[in-house]
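The values are calculated or read from the model by the stated rules, or taken from the named source; none is laboratory data. Fair warning: this is a prediction, and the values are worked out from it, not measured in the lab. Positions of Cβ are generated from backbone atoms using ideal geometry, with glycine treated the same way; all protein chains shown enter the neighbour counts. The protein model used for the area step is the full one, side chains on, heavy atoms only, and it has no ligands, DNA or RNA in it. Shrake-Rupley method; radii C 1.70, N 1.55, O 1.52, S 1.80 Å.
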Amino acid sequence: MPHTTTSTPEIIVRVATDDDIVFVQTILDTIEAAAKVRGTGIAKRTPDYIELKMKEGKAIIATVDGEFAGFCYIESWGNKQFVANSGLIVVEKFREHGLAKRIKRTAFALARTMFPDAKVFGLTSGAAVMKINSELGYVPVTFAQLTDDEAFWRGCQGCVNYDILQRTDRRYCICTAMLFDPAKHKEKKEVKEIMKELKKNIKKK
């Protein structure tokens, strides 16, 4: 009797489209559940906001056989001088496969492609994300080196640690600030390859 082999479904990481709007509520629920488990807050986003990011081509989604697996989106701040990757999430059953790294790397490449002159930054309290950021070329910086766009900082109001940010006059908090400055750093080879593919797809549209 011949042996049968079962192949593991491929996890696809790509730029989200209008077709992915069906996943919006699942994405928001997954982000909120993960924040509760970690005991940290997160910038609150409405379904309309996530939907807009997908329509603008500013979101990265991961799927497995049509099932939602992970997500991240990019936002520009301070008159497009800064751009951040936000809302990074991986569904629990798809963790431990390096998926967060793949999503983050693709979101970073998208940010570098859409906003080539902008500084890319992030605020995180997670060691895993800090490690991924470091591998992409981010370095720890003070909060003063990030955007002064009030709209960005208002996003921190949903965090349980927001009072710390207020008490310190926005100088520091539980999160670590990390920054990639294109004037000082260069993308890694794998990021450049993703950027090349993204540019091809953008030209096709």
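Quick look at the numbers
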| read-out | value |
| --- | --- |
| Any hit, the stretch 59-71, residues being under 24 Å from Tyr162 (Cβ atoms) and either hydroxyl-bearing (Ser, Thr, Tyr) or within 16 Å of the chain's Cα centre (by Cα) (or both) | yes |
| Answer from Glu10, Glu51 - the residue that is surrounded by fewer than 16 Cβ atoms within 10 Å (Cβ to Cβ), of a type in the set (Asp, Glu) and either over 23 Å from Lys199 (Cβ atoms) or under 14 Å from the mean Cα position of the chain (by Cα) (or both) | Glu10 |
| Pairs where the first residue, in the stretch 21-44, is outside any loop (DSSP other than H, G, I, E, B) and basic (Lys, Arg) and the second is open to solvent by less than 50 Å² (accessible area, probe 1.4 Å) and at pLDDT below 85, C-beta under 8 Å, 6+ apart | Arg38/Gly126 |
| Check on Asp149, among the acidic types (Asp, Glu), more than 18 Å from Lys186 (Cα to Cα) and touching a strand residue (DSSP E or B) at 6+ places or on another chain (Cβ under 9 Å) | yes |
| Residues being touching a strand residue (DSSP E or B) at 6+ places or on another chain (Cβ under 8 Å) and not hydrophobic (A, V, I, L, M, F, W, C) - total across the stretch 75-94 | 6 |
| Identity of the residue in the stretch 169-187, modelled with pLDDT under 95 and of a type in the set (D, E, K, R), that ends up nearest to Ala111 (Cα to Cα) | Glu187 |
| Counted residues, the stretch 69-101 - those being surrounded by fewer than 19 Cβ atoms within 10 Å (Cβ to Cβ) and more than 24 Å from Glu150 (Cβ to Cβ) | 9 |
| Qualifying residue in the stretch 189-201 (condition: closer than 16 Å to Phe108 by Cβ and modelled with pLDDT under 90) | yes |
| Residue within the stretch 121-136 that is farther than 18 Å from Ala177 by Cα and surrounded by fewer than 17 Cβ atoms within 10 Å (Cβ to Cβ) present | no |
